[in-house]
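One structure is given here, and the rest of the page talks about it.
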Amino acid sequence: MMLSLHRLMHRPLHLNFLPTLSSPLLRPLSTIPSPELASRLTSLRIPLPLHTSILKTLKQGGIKSNSDIKNFPDAGLLDLASSLKTVEIKPETNITFKLPGTRSQIINVSSEISSTLLQTCLSDPVLSEYITGSCSGTASCSTCHLYVDEGYEEPEENEVDMLELALGYEEGRSRLGCCVEVKEGMECGVPEESVDYWT
Amino acid sequence: MHSHASAFDVIDSLPTPFGLIRSGVAPDHQDVKNASSDFSQIFSDSRIRYFGGVTVGEDVGLEDLEECYDAVVLSYGCEGGTVMSLGDDSDSDSSTPDCVYHARKLVDWYNGRPNSSPPEFRLTEEGDLNVTIVGGGNVSLDCARIILKAAVEDQSLTTSDVTNEAYNRLKEITSKANKVNVRILNRRGGMQSAFTIKEFRDLFKMSKVGKMGMKILSSEVEKSENEESLEELKGTRPLKRLWKLIGDVSANSEEGEKANLEVRYFLSPKGYERRDDGGVSSLKCDVTKLEGAAFGQRAKKTGEEEDVESSLVLYSTGYKGKVLEGLEEFFEDGKYVNEGGRVGVRGGGGEGGSEGGSRYYASGWIKRGASGIVGTNIPDAKETVMSMVADFEGEGGGVRRRKNFEEILRKRGVRWVDWKGWKKVDEVEKRRDRVRVEEQVREKIVDLEELMTIGGGGKVE
């Protein structure tokens with residue numbers, strides 16, 4: 001008999017984590033969709049980048065409490081998403097991730113421009129084994145630590161605070177995935193310290 | 001790849017899961033608490049069971065675990081912390097005045113840990129609340145920040161999941177107080193500061209918004225810049241940024257009208273001054289200086305002394321783990337000696353007719369000591385799991401049929417809370433009629449009996 005831990009540890013994190021771009025310390029918690037709402041929206045096939053806008057729109061319309069949201073019909077959510085989609089949706093782009101270690105594989109992931117690197121990783125079955133977002137993408141941990149080799153921009157102060165504590169931190173390369181917006185032609189690397197132990 | 005599953009049981013002394021995410025992380029750090037949804041997902045897998053409210057070492061023993069499990073992972077953290085017994089009559093506990101506690105007392109209380117109780121808040125004759133926190137780690141900063149947020153009526157405390165009882169009491173005492181002075185004492189110098197920059201910056205931001213005064217003495221900043229410390233500074237980039245921030249705070253030091261935070265260095269507690277009512281009135285300290293080589297400097301008494309006005313003293317100078325009875329040979333210096341998470345093998349020859357004992361592993365603080373941030377536990381856990389997989393892989397892995405843990409609990413008449421039971425508790429805590437404002441995610445149930453009852457406490461046979 002053998003233990004199967006791989007399947008156990010594989011968790012579809014994109015159902016639960018909604019990283020955002022704007023300064024984590026200034027964004028009020030209530031505009032980050034709850035795991036329940038995120039899960040529901042995903043099961044309706046509403047793409048991740050729209051989740052925050054949907055919640056904001058609901059709140060602007062007076063649908064504030066969790067129970068109000070629960071009672072809001074699925075059809076309404078789909079309508080909302082499609083109206084936001086026509087305004088908001090941006091084209092997809094391919095970005096690459098280089099995995100560390102002996103595998104050293106390049107993964108091509110297509111991602112919508114306007115999502116973050118963390119969101120992109122969480123929606124990919126291989127990358128989500130390396131990259132976590134244990135603070136729900138608010139620059140409060142360093143589990144989404146990534147290298148950005150093509151398309152690197154200087155991080156802001158509050159991001160550097162956490163980044164410097166990350167294992168394998170390299171100045172000029174390291175970024176927190178939750179703070180980086182996906183851009184055309186981006187090339188990223190997963191730090192050696194996020195090595196996958198069981199494949 | 002590995003073929004199929006085995007079963008996992010998670011046994012927690014508390015009825016509620018999530019450990020420090022629920023009871024340690026400060027209530028205004030909700031983002032960090034969201035890590036619990038990651039754990040929750042795992043429990044929807046039928047191969048994992050939760051047993052809350054079961055204390056290993058009290059309700060069940062290691063022999064019971066060995067009858068049921070091929071592997072036991074010790075992941076119960078470090079609970080032990082000491083309140084310093086000081087002064088001339090330091091051999092008896094009665095020498096410690098009232099209003100002196102371990103910081104855990106405050107944290108357990110504001111985080112609604114079952115059967116916790118509030119520290120006593122007493123004001124001075126002038127009506128001030130003087131809080132002295134010994135130790136400068138992130139826990140100390142949490143305690144300071146929560147008290148100061150109450151004092152300045154910060155909305156983020158109102159919307160946090162601090163319990164209603166703690167919220168009301170903190171607001172009551174801080175509004176009654178003339179001044180609320182919080183002082184954090186470090187034994188060594190500024191470059192040996194134990195807190196991390198993000199937490200420290202949050203406090204600086206609070207002071208910049210004009211809500212509270214924050215002070216670091218320039219004399220102590222200068223004293224911190226001895227040759228060896230400057231050497232420590234050279235090698236470490238994170239320290240450089242932290243040191244610059246500490247310098248900024250010191251240069252911008254200001255007195256607040258109502259609330260004040262002072263971060264002090266080079267002070268080591270040595271005794272207490274008492275009030276007539278038995279409470280503490282000040283913490284007597286030795287003024288220290290640094291001695292030794294870079295990265296190994298120690299605090300040495302200078303012969304000077306200072307009294308720090310205190311009506312409440314909280315100690316947060318490190319946490320040591322407690323050993324489980326039966327595992328003493330594997331335990332040293334507050335944690336389990338381990339190799340890649342492997343602790344040792346114990347037991348065997350149980351009722352199930354099985355030879356060979358259970359393999360013990362460790363992860364988290366009880367494995368590496370009380371240090372690190374939430375994310376540090378991920379590579380730690382991965383390392384331990386890798387050892388487990390290697391040990392059980394292939395023939396002769398030592399996996400055998402064992403007893404069902406539920407049988408043992410029923411035999412002993414031990415109640416437990418399973419995952420469904422926890423979800424019931426979760427639903428109750430999140431009820432809107434319990435919270436003080438809409439944004440408060442939950443109002444925790446603090447009564448242990450109530451938790452066991454709502455959680456469905458297993459059936460006693």
Suppose we filter A:Lys85, A:Lys98, A:Lys59 for residues that are of a type in the set (D, E, K, R), under 25 Å from B:Gln30 (Cα atoms) and more than 15 Å from the chain's Cα centre (by Cα); which single one remains?
A:Lys59
With A:Asp68, A:Asp149 as the choices, which residue is acidic (Asp, Glu) and without any contact (Cβ under 8 Å) to a residue 40 or more places away in the chain?
A:Asp68
Close pairs from region B:212-238: first free of Cβ contacts under 8 Å to residues at least 24 places away in the same chain, partner of a type outside the set (S, T, N, Q), Cβ under 7 Å, at least 6 apart:
B:Arg237/A:Glu164
Matching residues in region B:288-335 - criterion: being under 25 Å from B:Ser219 (Cα atoms), without any contact (Cβ under 8 Å) to a residue 60 or more places away in the chain and out of contact with any Ser or Thr (no Cβ under 8 Å at 6 or more places or on another chain)
B:Glu291, B:Gly296, B:Gly303, B:Glu304, B:Glu305, B:Glu306
Taking only pairs six or more apart or across chains, which ones have beta-carbon atoms under 9 Å, a first residue in region B:19-45 that is closer than 19 Å to B:Ser363 by Cα and facing another protein chain (nearest Cβ under 7 Å), and a second residue that is assigned to a helix (DSSP H, G or I) and open to solvent by 40 Å² or more (accessible area, probe 1.4 Å)?
B:Ala35/B:Val374; B:Ile42/A:Met9
Can you name the strands (runs of 3 or more DSSP E) wholly within region B:260-348 that have at least 2 residues being in the same structural domain as B:Asp128 (by TED's automatic domain parsing)?
B:267-274, B:280-291, B:298-309, B:312-315
Matching entry among B:Glu199, B:Glu165, B:Glu153 (being more than 23 Å from the chain's Cα centre (by Cα) and either more than 14 Å from chain A (Cβ to nearest Cβ) or among the acidic types (Asp, Glu) (or both))
B:Glu153
Residues located in region B:359-385, provided they are surrounded by 20 or more Cβ atoms within 10 Å (Cβ to Cβ), more than 9 Å from chain A (Cβ to nearest Cβ) and more than 15 Å from the chain's Cα centre (by Cα):
B:Arg359, B:Tyr360, B:Tyr361, B:Ala362, B:Ser363, B:Lys367, B:Thr384
Among the residues of region B:174-196, is any without any contact (Cβ under 8 Å) to a residue 24 or more places away in the chain and not hydroxyl-bearing (Ser, Thr, Tyr)?
no
Among helices (runs of 4 or more DSSP H) lying entirely in region B:157-259, which contain 3 or more residues that are open to solvent by 50 Å² or more (accessible area, probe 1.4 Å) and modelled with pLDDT of 95 or more?
B:164-176, B:218-224, B:227-235, B:237-251
Out of all the residues in region B:431-446, which are open to solvent by 60 Å² or more (accessible area, probe 1.4 Å) and over 15 Å from B:Pro27 (Cα atoms)?
B:Arg431, B:Arg432, B:Asp433, B:Glu438
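Considering only region B:123-134, I want to know if a residue exists there that is farther than 23 Å from B:Ile445 by Cα, of a type in the set (S, T, N, Q) and surrounded by fewer than 23 Cβ atoms within 10 Å (Cβ to Cβ).
Yes.
The values are calculated or read from the model by the stated rules, or taken from the named source; none is laboratory data. It should be emphasised that the depicted structure is a prediction, and the values quoted were computed from it without experimental measurement. Neighbour counts run over all protein chains shown; Cβ positions are idealised from the backbone, glycine included. SASA here: full protein model, heavy atoms, side chains in, ligands and nucleic acids out. Shrake-Rupley method; radii C 1.70, N 1.55, O 1.52, S 1.80 Å.
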